[in-house]
Each structure stands twice: as structure tokens, then as C-alpha cells.
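Novice: The structure that follows is given in the form of C-alpha cells.
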Amino acid sequence: MKYYLRTAGTLIIITVCVVLMLSVINLFTSDLIEEHEPDSVASASVEVTENDD
Amino acid sequence: MNNDLIFSPSPHIKTPNNSRVLMIDVLVALTPALIWGVIVFGPRALTVVTVSILSCVIFETLFRLILKRPQTILDFSAVVTGLLLAFNLPASVPLWIPIVGAFFAIVIVKQLFGGIGKNIMNPALAARVFLYSWSKHMTAFPEPSFLNGEHMPAFAISINNIDATASATPLTVIKQGAIPSDTSIFDMLIGNCAGTIGEISAVLLILGGLFLLARKVITWHIPVTFIGTVAVLAFLKNISGSSIDFMLYEILGGGLMLGAFFMATDYATSPVTKTGRLIYGAGCGLLTVLFRFYGGYAESVSFAILIMNLLVWYIDRFTKPVRFGGKN
Amino acid sequence: MMIKQLKEGVLDNNPLLIQLLGICPALAMTTNVSNALGIGIATMVVLLLSNLFISLLRKLIPNEIRIAAYIVIIAGFVSAVEMLIKAYLPELGRSLGIFLPLIVVNCIILGRAETFASKNKVLPSLMDGFAMGFGFTFALIVVASIREIIGAGTWFGVNVLGESYQSVLFFIMPSGAFITLGCLVALMKKLTSFPKKVPKNSIESLESESVTAEKVEEPVEIPAEEEVIVEEIKEEVEVAEKNDN
């Protein structure tokens, strides 16, 4: 039992740490990425509404 | 210090045949086509041939010298590669093209793999395909001008207004969907049409091929199956007019005769077993027809032979004869 | 020790040209020097970070899950690098395209983690990451220079062969990539091996050239592997003893 705790546990801890690190980086960079590469569906609807004015 | 005593295990067979004799036979067989090429395209064809052969010999000598290996130019294989490479070029190519092609054929395809007998594909054909990078030069074919007409300057490094005087080979016309109207079958047989230096005269190439067959340099299996497959498939795929005519246009046009007798039969890159040779010849023919009709280039014997070269190892393994008493 | 590691990374044990790892980006991303530099530096950064953390955690990760753990760590760093590049260097991110996330499966990173970082202390592992990354980038730049100069007449975007140079399309296409890389690997093998002087008259002078060349390289590799095998046996004995308890 201790064996499974050690192996699976370590793997889960590592994964959780990596995900935490990536979420932190995402906080800083997601706005900048949106600016440079907007998702095409979202921007298409934005363009349509702007033309209505 | 050269030993006159040769130490080797039995059987001991003495024959005058060695690489040099075979290569000289090939050179003799190609000479009528060479003379015809010079007659039709003028002295510049001879310049291109000379540049090609010289470059091949020089590159092979230099390579063996720099890497401190024994010299092999005396077996004349570099000369044959040079001649075959030149035969695959239009007479109007700039003179640096055969030099670059010779470097690719001799250094990269032949010597880097181990020298004569160890190349995985035909060096002259691989170089020709490599030279398609400069497709502008490789697909501009000069008009046949014979001894009376205007000739290209023999020693010019490159011909400037080749686009204005270029003419279409019969195969290019067929690729565009028509039957070549101003080139008759007789013209293509004797070689009164546009093309590369060595491929135009079908009858002279067939003569050379028969000479090689008589001298037992090549066997009938590869040329017969190669040309036969193309003939049968062309007969069936006739685009307009008489089927027999179309079939003859296809087998007399392009590099088929040159390829079937001289390029596909290279010892290092063709199968050893007789059945293997039949499969190889048929495969070459099938691929030639496929690429001619559905591929991008009008001429595709080179691609077909190169692809079959890569399959030779499998063909040999597949057609290995069973030992007497051995398992199937 | 560090200088030796650097020399090994660039010459004797170059990850691309001698170990033949990471050939995929070497073929696809070397059409020009700026792409090659980009991928090389990105790979080196990931190598440094992954070597650092795998070396730090090497005593904590159980042997049975080590590959899975390494891959999670490497993938994490690659995703981080990708997000940072896309945010702060968008043009580079666009030209690197799909090959930036593909650094995860670049065999160099997993290979060095398995062979070196998991068995050595932090500082040598960092140096190894730097040496291997530098060697990889160096090799990429050489391939890209050849392909860009001959294929397009430019180097790093600057025209070097004159306006009238006809570009040779062959070298920009994949076929040119394979042939350039092949010739470079052959050249590298020749330069980093030290064949014995064989007398010219002997019959085997041609064969022995290649045989002696290979012989010289082997002795360098064996001690490290023996150590590895001994260590692995030790670890398995430890695990077996723990399971018995």
C-alpha cells in the first residue's frame, strides 16, 4: 500500500505543481496572447456588431 | 611493391572481362547516338558532353585523392556516368549545369556510398533529377538544326534567349492532350525531333542496345519488359487517333530507349535474379506510364527508374531461388 | 570538467550530429537561420529548466514512474516557454509554429534527463543542459546556413550572394534538408574519429579505416553505462528489500 502511495502520490504531486506553475504563467500571458492571436469565432462576432453602428 | 602472385580461394576462373571492358563496351554502344546528337544540335552538344565527362573524371580523382583511397578512374565508370549525364541534358544548358550535376552524381551518389558497385541509385539519373532544381534550364529544348541550319555557339557559357527558340518535345505535346502533328513516327524513330542530347534517335539507341546484348553486357529481361509494359499500357490508354500510332509515339518518345537499355540495366542498381529483372522492368514501365500521364513532368523515365532502384533489394529478396532440398 | 562538457556537447557528442537526436526540427526548421536560432534557443531553455528540476528531484522520484514524471515536467516547461514566447515574442512564435510545442517529444530532452540529469548533481546537470543545448543550436545554425545561403542567397535575411543569384529550390525543400544533414553527419563522424595510420599496401586498408574509427569511440561510453547498470541493480535491490518489509 505504501508502495502505491509513494509512486502514484509523487506523480500526482508533480502534476499538480506543474499545473499550478502553468496557471500562474497563464495569468500573465493570456491577455497578451489574446491580443496577438484572437480566437477567430469570437472576433468574427465582434466585427459584425461593430459594423452595425 | 606489387605482388604478381594472387592469393584467393577456389574456384579460379580466368576471364578477360573486368569493369573496364564492360564500360568500354557501353561507351561504344553509346557512340552512334552521341554522333547523331552532335549532328542534330550542333557542336555545342559536344561541348556539353566533354564538360560533363571531364567534370566526372576530375571529381572522382579529387575525391579519391583527398580521402586517400586508391584511384578508380581507370575503370572508366566515371566516363560512362559523364556521358550518360550529358545524354540527359538539353544541348542548350549553361555549362555550369553539367559540372554541378557531375559533382552530385560522382561525389554524393556514387563515392559517398562507397564507390563503384555500392551506389543505391543510378548516379546519372539522380543527378538529372537534382538538376531539375533549375527547371528553367532543364526544360528548354533547342530545335533540331542539323548541319545546314543555325547552330548555337559552341563554347558559350550559357545561351541567353533560349526561351525564344525553344521547341516542345513530342512528349510535351502529348502531355497537353494532342498528338504531335509535325513530328511523324519515322521522325522520332531516326531522331528528327527535339529532346535531350542522347535520347532522340530511337533506332541508334536500339542498335547500341543490341550490341550490348550481343556482347553479353546486359540481358534481354529488363529492356524487353520495360519497353513492353510501356507499349501495352500506352496501347490501352490511347488518347485519340489510332492506338498503334499512340503506342509508337510513347515508346519512341522521351528517354525510354536510353533508359531501358542503358540506365535501368546498371549492375549495381538492378536485380540479380532473372525473375527479379522481369519484375523490375515491368515496374519501371508501369511507373513511367503513370507518371507520364498523371504526374507533373512530361518525361518521367528518370523518376520511374530511380524509384525501382530503391526497391531492388526487396525484389532480390523476394525472388531468391530456393536451394535444392531447402524449405520454400 | 565544465569546459570538457562544453566541448563534448558541441563536438564529440553533439546531440544532433553524433547522437542523431532531434532530427525532426533539424529538417523542418532549418530553412533559414533565424528559425534555426529560435528553435535552438527554445530547446536549450527547456533543456536547462528540465535538467535542473529533474536533477533536484532525482532522489524523490521513484524508479518505476520516472519516465512519466520526466514527461510531465518537460511538457510543463515546454508549455510555459510556448506561452511566454507567444505573449512576448509573437512573430517568433508564428514562424516556429507547431515545432515549438513539439519540443516536448524532442529526444534530446528526455534522453539527457534519463542519461545524465537523473544521475548527477545539479550543477553538472545544468552544465550538461547548456552544453547539449548549445551544441544543438550550433548544429542547427550550420545546417540552416548551408540551406539558406545556397537555397536563397541570404543569411539571416541579408542578401549575401548578390541580386542576380538564382536560388536553388532544392535546398529549401525537404529533399535538400535530408541531403545536407546527411553530408554534415558524415563530415562530423570523419572529424571526430581518429583512425590509425594503416600502411597503404595492405589489402584491408579500406575496411580497417572504418573499423578502427568505431573502436576509438567505444571506450569512452562503456564506463558510464557500467556505472548506470550497477546503480540500477542497487536501486532494484533496495526496492525489493523495502517491499519485503
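The values are calculated or read from the model by the stated rules, or taken from the named source; none is laboratory data. Model, not experiment: these values are computed from the prediction. Ideal geometry is used to build each Cβ from the backbone, glycine not excepted, and the neighbour counts take in all protein chains shown. The accessibility values were calculated without ligands, DNA or RNA, using every heavy atom of the protein model including side chains. Shrake-Rupley method; radii C 1.70, N 1.55, O 1.52, S 1.80 Å.
Novice: Placing +1 on the Cβ of each Lys and Arg and -1 on the Cβ of each Asp and Glu in segment B:183-328, which of B:Ser300, B:Ala202, B:Thr225 has its Cα farthest towards the positive end of the resulting dipole?
Specialist: In segment B:183-328, that residue is B:Thr225.
Novice: Treat every Asp and Glu Cβ in chain B as -1 and every Lys and Arg Cβ as +1, leave all other atoms uncharged, and give the resulting dipole magnitude about the Cα centre to the nearest 20 debye.
Specialist: My answer is approximately 1400 debye.
Novice: Set Lys and Arg Cβ to +1 and Asp and Glu Cβ to -1, take the dipole of chain B about its Cα centre, and tell me which of B:Ser145, B:Leu84, B:Gly276 lies farthest positive.
Specialist: B:Gly276
Novice: Follow-up. Can you list the residues of segment A:5-25 that have at least 10 square angstrom less accessible area with all protein chains present than in their chain by itself, probe 1.4 Å?
Specialist: Relative to the lone chain, where solvent access is computed with a 1.4 Å probe, segment A:5-25 loses at least 10 Å² at A:Arg6, A:Thr7, A:Thr10, A:Leu11, A:Ile14, A:Thr15, A:Val18, A:Met21, A:Leu22, A:Ile25.
Novice: If ligands, DNA and RNA are left out, what is the accessible area of B:Trp36 with a 1.4 Å probe, given in Å² to the nearest 10?
Specialist: 50
Novice: Something else now. Using a 1.4 Å probe and ignoring any ligands, DNA or RNA, find the accessible area of C:Glu82 and quote it in Å² to the nearest 10.
Specialist: Its heavy atoms expose roughly 40 Å² to the probe.
Novice: What is the dipole size for segment C:2-192, taken about its Cα centre, with +1 at each Lys and Arg Cβ and -1 at each Asp and Glu Cβ, in debye to the nearest 20?
Specialist: Once rounded to the nearest 20, the dipole reads 520 debye.
Novice: A:Cys17: accessible area at probe 1.4 Å, nearest 10 Å²?
Specialist: 80
Novice: Going by accessible area, probe 1.4 Å, with all protein chains left in place, what is the ranking of B:Phe186, B:Phe130, B:Phe76, largest first?
Specialist: If we order B:Phe186, B:Phe130, B:Phe76 from most to least accessible, we get B:Phe186, B:Phe76, B:Phe130.
Novice: Cα-Cα over 23 Å: which of C:Lys4/C:Lys121; B:Lys68/B:Lys216; B:Lys110/B:Lys216; B:Lys68/B:Lys110; B:Lys237/B:Lys320; C:Lys119/C:Lys190?
Specialist: Check vs 23 Å cut-off fails for B:Lys68/B:Lys216; B:Lys110/B:Lys216; B:Lys237/B:Lys320; C:Lys119/C:Lys190.
Novice: Something else now. Roughly how many whole Å is it from the C-alpha centroid of segment A:1-33 to that of segment B:180-242?
Specialist: Rounded to whole Å, the Cα centres lie 70 Å apart.
Novice: With +1 on each Lys and Arg Cβ and -1 on each Asp and Glu Cβ, and nothing else charged, work out how big the dipole of segment C:1-71 is about its Cα centre, in Debye to the nearest 20.
Specialist: 200
Novice: Then there's this: Semi-axes of the equivalent ellipsoid of chain B: what are they in whole Å, largest first, if each equals the square root of 5 times a C-alpha gyration tensor eigenvalue?
Specialist: Numbers: eigenvalues 214, 139, 57 Å².
For chain B, the semi-axes come out at 33, 26, 17 Å.
Novice: In Å², nearest 100, what accessible area do chains B and C bury in total when the solvent probe is 1.4 Å?
Specialist: So the buried area, both faces added, is about 900 Å².
Novice: Here is a further query. Round to a whole angstrom and tell me the spacing of the C-alpha centers of segment B:270-292 and segment B:35-81.
Specialist: 28
Novice: Please name which of B:Thr31, B:Thr72, B:Phe113 has its Cα lying farthest along the dipole of segment B:21-131 towards the positive end, using unit charges on Cβ (Lys, Arg +1; Asp, Glu -1) and the Cα centre as origin.
Specialist: B:Phe113
Novice: Throw me the Rg/Rh for segment B:179-294, computed over C-alpha atoms with Kirkwood Rh, two decimals.
Specialist: The Rg/Rh ratio comes out at 0.97.
Novice: If we count every other residue with Cβ under 9 angstrom of B:Thr219's Cβ, Lys/Arg +1 and Asp/Glu -1, where does the sum land?
Specialist: Taking every other residue near B:Thr219 into account, the sum is +3.
Novice: Jot down the radius of gyration and Dmax of segment C:2-192, Cα atoms only, both in angstrom.
Specialist: 17.3, 62
Novice: Now a separate question. Given H placed 1.01 Å from N in the peptide plane, which residues other than close sequence neighbours of C:Trp155 have an amide H under 5 Å from its amide H?
Specialist: The list, which skips near neighbours in sequence, is C:Val160.
Novice: Rounded to whole Å, give me the distance from the Cα center of segment C:88-166 to that of segment C:1-75.
Specialist: 10
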